[in-house]
Amino acid sequence: MTIWSFSIGLYLGLALITFLPTLKTLMSGVKLNEGGASFKDSGFSEKAKVRLEQHFSRLQGTLAFWKREATRNSRFHYYCLWWTIISSSIMPFLTQAIDPHDAASKWLLTIIAAHMALLLSFHRGLKVAERFKAFRHGESEFYDTYRRLLDSPESFGADEDKQLQKYFEEVELIRKFVRNAETDSLPMLEEVRVEPSNKRA
């Protein structure tokens with residue numbers, strides 16, 4: 001076995017081993033993290049607590065989906081990123097070191113180039129970076145809104161009814177933002193928030 005044959009085995013082995021965490025994420029689900037104080041512990045009236053808890057229970061499936069998609073796309077995004085950086089960095093040196101008398105050296109370059117091409121194709125074709133950003137942003141925006149309602153309900157309105165109504169509207173806008181991203185349209189959340197006011201105008 002030549003150094004070039006060994007390098008092929010080493011490269012393929014490392015590429016596979018580092019892909020296993022991504023593959024595990026792709027094949028498995030995720031669980032929502034346990035939160036702190038919830039609506040049950042808030043200062044809202046019992047009627048409002050029921051409405052808020054029911055609303056949150058209907059969102060749990062959506063939140064689990066967002067977290068799963070964000071995690072999957074995140075893992076694959078960073079796998080592509082790191083291997084693209086590593087492969088593109090060593091390719092010029094390998095090209096200079098190639099041994100014309102050893103076919104394995106040419107195969108190593110071919111394998112690295114094919115690996116890079118596949119990663120870039122899947123990354124761009126599946127819009128991995130965009131989906132990762134959209135799902136993570138949507139998830140973060142929801143929990144920020146959720147915590148703001150618990151910590152500063154007055155920022156949503158002067159009385160309880162207005163606070164709940166404003167909260168429900170903001171959550172729906174966040175869902176619309178993520179839904180648009182799923183269908184290959186990636187507006188900023190601010191743009192989605194402007195739409196209702198434009199329609200009223």
(message) Take the conditions touching a residue at least 12 places away in the same chain (Cβ under 8 Å) and in a helix (DSSP H, G or I) and apply them to Lys166. Does it pass?
(response) no
(message) Restricting to the range 97-125, and then to whatever is in contact (Cβ under 8 Å) with a residue 24 or more places away in the chain and within 22 Å of the chain's Cα centre (by Cα), can you tell me which residue is farthest from Ala64 (Cα to Cα)?
(response) Met116
(message) Name the residue that is farthest from the chain's Cα centre (by Cα), counting only residues in the range 54-81 that are under 16 Å from Ser28 (Cβ atoms) and without any contact (Cβ under 8 Å) to a residue 40 or more places away in the chain.
(response) Ala64
(message) Criterion first (under 30 Å from Gly9 (Cβ atoms) and not polar (S, T, N, Q)) does Phe93 satisfy it?
(response) yes
(request) Answer yes or no as to whether His137 is farther than 23 Å from Gly61 by Cβ and buried (at least 17 other Cβ atoms within 10 Å of the Cβ). (result) no
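Would you mind stating whether Ser57 is of a type in the set (Gly, Ala, Ser) and in contact with a helix residue (DSSP H, G or I) (Cβ under 9 Å, 6 or more places away or on another chain)? Before the answer, list the steps.
Working: of a type in the set (Gly, Ala, Ser): yes; in contact with a helix residue (DSSP H, G or I) (Cβ under 9 Å, 6 or more places away or on another chain): no.
Against the criterion (of a type in the set (Gly, Ala, Ser) and in contact with a helix residue (DSSP H, G or I) (Cβ under 9 Å, 6 or more places away or on another chain)), Ser57 does not qualify.
The rows are residues; the columns are (1) of a type in the set (Lys, Arg); (2) in contact with a Phe, Trp or Tyr (Cβ under 8 Å, 6 or more places away or on another chain); (3) in a helix (DSSP H, G or I).
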| residue | (1), (2), (3) |
| --- | --- |
| Phe6 | no, no, yes |
| Phe44 | no, no, no |
| Lys49 | yes, yes, yes |
| Gln54 | no, no, yes |
| Thr62 | no, no, yes |
| Ala70 | no, yes, yes |
| Asn73 | no, yes, yes |
| Trp82 | no, no, yes |
| Pro92 | no, no, yes |
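Values quoted throughout were computed directly from the atomic coordinates according to the rules given, and no laboratory measurement underlies them. Please read these numbers as outputs of a predicted model, since none were measured by experiment. Please note: Cβ atoms are built from the backbone with ideal geometry, for glycine as well, and neighbour counts cover all protein chains shown.
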